[in-house]
Structure formats: structure tokens, C-alpha cells
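For reference, the structure is listed below as C-alpha cells.
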Amino acid sequence: MTSTDMLRCIRAQHQAFVKDVLSTWDEGRSGNLTFAEVSKWLSAVSNGKVPTDDEVKWVICMANRKQTTDFENVAIEPNAFQRALEAWMSYNECKSEIETVFDKFDSDKSGGLDREQLRNLLTELNGGEAPNSQEVDFVLMHADVIGNGVVTKPELAKVASPLDFALRCLALTSGMPLPGGVSLVRARGEDAGRGGEVQWDVRIRRVWCAMTKLRFEAGAGDFCGGQSRGC
């Protein structure tokens, strides 16, 4: 099969996928998926488990690659269906680990980590070293995809890279020690000209990029703080 044939095949598969999603879930026949329609779609691919409003909002923002607060009028267009599904499925793969850690720091059970709760989480992830106010604000700004001023469960994956986050979850939930060389220790350096953004260890410098599949790959650009850019 030639590269041209492969591209045709990929396009045909994507068109079939879009057609199937629209025919099944576009109840209003608008050509897009509304908030309620996205919720039903995500529930169907999760064996009937209804997503929370925050989860639906997060998927919409990740699919559209921009932050919004007007979820009553926002919709996902067909060219973003694949991103929506990939974000949702990737989140579900690590949801149980996320919930375990989230519940530990959501002391008031509000469903969102406020600034102080986020500081406590970052302190534990960082081996007991508390972040300064600037660092907490930076993490909150980039993790808060929904824009409600707190870090919700799906947004928690942005607080640390998948590998390091999984290791920290394992350590927090089982008491197992972290393997050597894994660290969230900051490499402090000059931050002039970067809007106060601190320099971080290369092993976690991609922490703040929310990739649509929750991947953190060197050189890739994606949605960061409402913009598409290389991180």
C-alpha cells in the first residue's frame, strides 16, 4: 500500500467515525455535538457511567483546544470528535489513580482543589518541599482548563507527567519507595523574561502541557493555558 493509499484509508475511516457519531448522538441534527449530546456519548463509551459536568466541560475544552465558560452554547465540531474521544479514553485509563490522590487532598469534598489544597498536593509530590506562591499560581493557571478557579479531577493529570504521576500515585497509595532518579526537584535558574515562570527539571518540563491524549512527548506542541504552542 502506498502512502497515498494509506492517507485515503485514514480519511475514509475518520469520515466513517464522524458519520457514526453524528448519526447516533447529534439528536438536534445541528452537525455538531452540544454539551448534553457529548455527555450521552461519553456515557455510552464508558459502559453507561454518566460523566460529571466537570468531566464533560474538560473534554469539550480539550477537544476544542480552548477555554470557555459558556457551556450552554458551546459545541464540538466534527473535526474535534477524535480529540474528544482520545482525551476521554486516556483520562479513564488513569481515573482510579487520579481519584485516589484527588480525594486525599480534597479535604472539603468540594470536587475541586483550591489554591491551598493544590499547594499541599504539590508539596507532597515534591518530596515535602513546598512550592512558592508564584509556582502554585503558575500550576493553577495552566491546569485549570475549565476556568472555574480550581483543579478538578480530569485536570489533575496536568499537575505531573503521566510517568511521574503514576509513580507518585503508587508511592502515595501503597507506601512503595520511588525508584532512584525519579524526582520533581526543581532546577532553579534565571526566570527573567519568562513572565515569572520558573525553570524546571528536564524530566518534568512538559508537566504543564495538556496533550489531547495526555501524552508528554518531546518537541510536540499543544493546548497550554488556552493556546497552542510548543512547550
Just subtract the alpha-carbon distance of residue 89 and residue 43 from 0.36 nm times their residue separation and send over the number in nm, one decimal.
15.4 nm
Mind ranking 33-39, 103-109, 151-157, 133-139 by how tightly packed they are, going by the mean number of other C-beta atoms within 10 angstrom, highest first?
151-157, 33-39, 133-139, 103-109
If 86, 77 are ordered by their accessible area, calculated over protein heavy atoms with a 1.4 Å probe, which sequence runs from highest to lowest?
77, 86
Average the reciprocal distances over every distinct pair of alpha-carbons in segment 1-94, invert the result, and give the Kirkwood radius in Å.
13.9
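Between residue 5 and residue 100, what is the FRET efficiency for a Förster distance of 45 Å, r being their Cβ-Cβ separation, to the nearest 0.05? Mind dumping the intermediate values first?
Values: r = 46 Å, r/R0 = 1.02.
Efficiency for this residue pair is about 0.45.
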Heavy-atom accessible area per residue - segment 1-160, 1.4 Å, Å²
49
Using the basic label-point model (7 angstrom from Cα toward the beta carbon), what is the residue 12 to residue 71 distance in nanometres?
3.9
So, how do all the Cα-to-Cα distances of segment 34-144 break down into 5 Å bins, in percent, from 0 on up?
2, 11, 18, 20, 18, 15, 10, 5, 1
Residue pairs, from the table 19/158; 57/158; 19/49, whose Cα atoms sit over 22 Å apart:
19/158; 19/49
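The values are calculated or read from the model by the stated rules, or taken from the named source; none is laboratory data. Just so you know, these numbers come straight off a predicted model, no measurement behind them. Cβ: placed from backbone, ideal geometry, glycine included. Neighbour counts: every protein chain shown. Quick note on the areas: whole protein, heavy atoms, side chains included, nothing else; ligands and nucleic acids left out. Shrake-Rupley method; radii C 1.70, N 1.55, O 1.52, S 1.80 Å.
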